[in-house]
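*Asks:* There's a structure below that I have some questions on.
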Amino acid sequence: MSDKKALTEKLYGEMSQSGDIDTLVETYFTEDFVEHEEIPGLEATGREVPKMMFRMMRQAMPDIHAEVDLMIEEDDKVVAYGTFVGTHTGEFMGMPGNGNSVRIPFTDILQWQDGKIAGHWGVSDMSAIFAPTE
């Protein structure tokens, strides 16, 4: 496994376990990180974007974890395809928690620079939170 793929796998693992989101983002994201994904209602820029997204997802689904099914590396980028899995217990995008298990498919493109993420493009099917798995 390449260094970039190993870092990507480590990031998803720590994102699923770490309660210290600030340290997680400071460890894995460059200071001049660029978010290329349009996130409705989110006015943040730079490293504040992943901090806000990780907090929002963790508050809505405290047991959230990523199941990565596929990683493809090309030059300085790693494409990760997988599913965020968790129990919807807190408010998420205006929807109150309901205790249902959810699976949110995602595709991320992470641009790595000197062992940190310099850019992100992604698509997540957040509507999946409305379709519980149980």
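Every number in this text was worked out from the coordinates using simple rules, so none of it is lab data. Everything numeric here is computed off the predicted structure, so don't read it as measured data. Please note: Cβ atoms are built from the backbone with ideal geometry, for glycine as well, and neighbour counts cover all protein chains shown.
*Asks:* Please give, to one decimal in nm, the separation of the simple spin-label points placed at Arg103 and Val79, each 7 Å out from Cα toward the Cβ.
*Replies:* Placing both labels 7 Å along Cα→Cβ, they lie 2.1 nm apart.
*Asks:* Report the residues of the range 38-56 in range of a label on Trp121: point 7 Å along Cα→C-beta, backbone N strictly under 13 Å from it.
*Replies:* 38
*Asks:* If you don't mind, there's one more thing I want to ask. For the chain, modelled as a GNM with alpha-carbon contacts under 10 angstrom, which of Glu91, Glu38, Glu67 fluctuates the most?
*Replies:* Maximum among the listed residues: Glu38.
*Asks:* With the dipole of the chain worked out from charges on the C-beta (+1 for Lys and Arg, -1 for Asp and Glu) around the Cα centre, which of Val49, Met93, Gly115 lies farthest toward the positive end?
*Replies:* Met93
*Asks:* Would you work out if the range 44-89 is rounded, prolate or oblate? Take a ≥ b ≥ c from the square roots of the eigenvalues of the alpha-carbon gyration tensor; rounded if a/c is under 1.5, else prolate when a/b is larger than b/c, oblate otherwise.
*Replies:* oblate
*Asks:* For Ser124, Ser101, which order do you get if you count the other beta carbons within 10 Å of each Cβ and list the fewest first?
*Replies:* Taking fewest neighbouring Cβ atoms as first place, the list is Ser101, Ser124.
*Asks:* Counting Lys +1, Arg +1, Asp -1, Glu -1, what net charge surrounds Phe92 among other residues with beta carbon under 12 Å of its beta carbon?
*Replies:* It works out to a net charge of +1.
*Asks:* Taking neighbour Cβ counts within 10 Å as the exposure measure, how do Ile21, Ile72 sort from fewest upward?
*Replies:* Ile72, Ile21
*Asks:* Hey, fewest Cβ within 10 Å first, where do Trp121, Trp112 land in order?
*Replies:* Placing the least packed residue first, the sequence is Trp121, Trp112.
*Asks:* Magnitude of the Cβ-charge dipole of the range 60-134, K/R +1 and D/E -1, about the Cα centre, nearest 20 debye?
*Replies:* 240
*Asks:* Which order do the peptides 56-63, 79-86 take when ranked by the mean count of other beta-carbon atoms within 10 Å per residue, highest first?
*Replies:* 79-86, 56-63
*Asks:* Within the set of other residues whose C-beta is less than 11 Å from the C-beta of Thr83, count the net charge using Lys and Arg as +1 and Asp and Glu as -1.
*Replies:* -2
*Asks:* Here's another thing I want to ask about it. Could you tell me the extents of the chain's C-alpha atoms along the three principal axes, largest first, rounded to whole Å?
*Replies:* Largest first, the chain extends 41, 30, 25 Å along its Cα principal axes.
*Asks:* Report the relative contact order of the chain, percent, no decimals, based on alpha-carbon pairs under 8 angstrom and at least 6 residues apart.
*Replies:* 23
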